[in-house]
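The values are calculated or read from the model by the stated rules, or taken from the named source; none is laboratory data. Keep in mind it's a predicted model, so treat the numbers as computed, not measured. Heads up, the Cβs are rebuilt from the backbone with ideal geometry, glycines too, and the neighbour counts pull from every protein chain shown.
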Amino acid sequence: MVEFAVNTHRLDPYKSFKFRVVLDGKFVPGVSKVSALARRTEPILYRSGGSVSSPIKAPGTTTFDPIRLERGVTHDQTFEDWANLAFNVRGDAEMSLRKFRKDMAIELLNQQGTVVLRYLVRRCWVVEYQALSELDANANGVAIESIVLEHEGFERDSSVAEPAET
């Protein structure tokens, strides 16, 4: 079985280190890590009184795991501004009930920098904002800012086709 319809010579899957996050039609700068996209459908066990002892399983409610985005701390305020739409230290009037949910795209790139997969994440909002990671004078690391997003589902963007590689 051929895993790549256009690039039949290709044997290896796409790498996980080239990607972009798109929010409000712009790339979010500096994102270095995106947690996995995962969903779970709860099974419903059903058994009628006259049937055999083992129940039938049917699909029930589907839930979506939160998504964590991480990046090095810079002067870009995209994460903080979005988090402030759901909670603001200046009071409830500073929140935005109309704007705190946003659609987002996560794009996977091949090593040539071409988009090979795009996932659309629906109605995301910031449930956790970490402005600054732990600081340690004895460590050799980068200060990290992160957000955790709740959302109402994701789907693959079927308009993105496998690109021909050169």
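Quick grid of which residues meet (1) hydrophobic (A, V, I, L, M, F, W, C); (2) surrounded by 13 or more Cβ atoms within 10 Å (Cβ to Cβ):
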position	(1), (2)
VAL6	yes, no
LYS18	no, yes
VAL21	yes, yes
LYS26	no, no
ILE67	yes, yes
GLN77	no, no
Just checking, does the range 60-82 include any residue being aromatic (Phe, Trp, Tyr) and more than 15 Å from ALA36 (Cα to Cα)? yes
So, first residue more than 23 Å from GLU80 (Cβ to Cβ) and touching a residue at least 12 places away in the same chain (Cβ under 8 Å) in the range 94-117, second residue surrounded by 17 or more Cβ atoms within 10 Å (Cβ to Cβ) and among the polar types (S, T, N, Q), Cβ within less than 9 Å, six or more apart or across chains; the pairs are VAL116/ASN110
Counting only residues in the range 133-166 that are among the hydrophobic types (A, V, I, L, M, F, W, C) and free of Cβ contacts under 8 Å to residues at least 24 places away in the same chain, the one surrounded by the fewest Cβ atoms within 10 Å (Cβ to Cβ) is identified as ALA137
A careful count of residues in the range 66-104 that are in contact with a strand residue (DSSP E or B) (Cβ under 7 Å, 6 or more places away or on another chain) and either part of a loop (DSSP other than H, G, I, E, B) or among the aromatic types (Phe, Trp, Tyr) (or both) gives 6
- Would you check if there is a residue in the range 90-97 being more than 25 Å from GLY25 (Cβ to Cβ) and among the basic types (Lys, Arg)? yes
Contact list, first residue from the range 5-23 and in contact (Cβ under 8 Å) with a residue 60 or more places away in the chain, second anywhere and among the β-branched types (Val, Ile, Thr) and in a strand (DSSP E or B), beta-carbon distance below 7 Å, six or more apart or interchain, is TYR14/VAL116; PHE19/VAL34; PHE19/ILE106; VAL21/VAL31; VAL21/VAL34; VAL21/ILE106
The residue from VAL121, VAL116 that alone is in contact with a His (Cβ under 9 Å, 6 or more places away or on another chain), crowded, with 16+ Cβ neighbours inside 10 Å and assigned to a strand (DSSP E or B) is VAL121
Residues in the range 93-115 that are modelled with pLDDT under 95 and among the aliphatic types (A, V, I, L, M) total 3
Note: among ALA58, ALA83, just one is touching a residue at least 12 places away in the same chain (Cβ under 8 Å) and either in contact with a Leu (Cβ under 8 Å, 6 or more places away or on another chain) or over 17 Å from TYR129 (Cα atoms) (or both), namely ALA58
- Query: So is GLN130 surrounded by 12 or more Cβ atoms within 10 Å (Cβ to Cβ) and polar (S, T, N, Q) or not?
  - Reply: yes
Checked LEU85, LEU135 against criteria (more than 25 Å from PHE17 (Cβ to Cβ) and touching a Lys or Arg at 6+ places or on another chain (Cβ under 7 Å)); the one match is LEU85
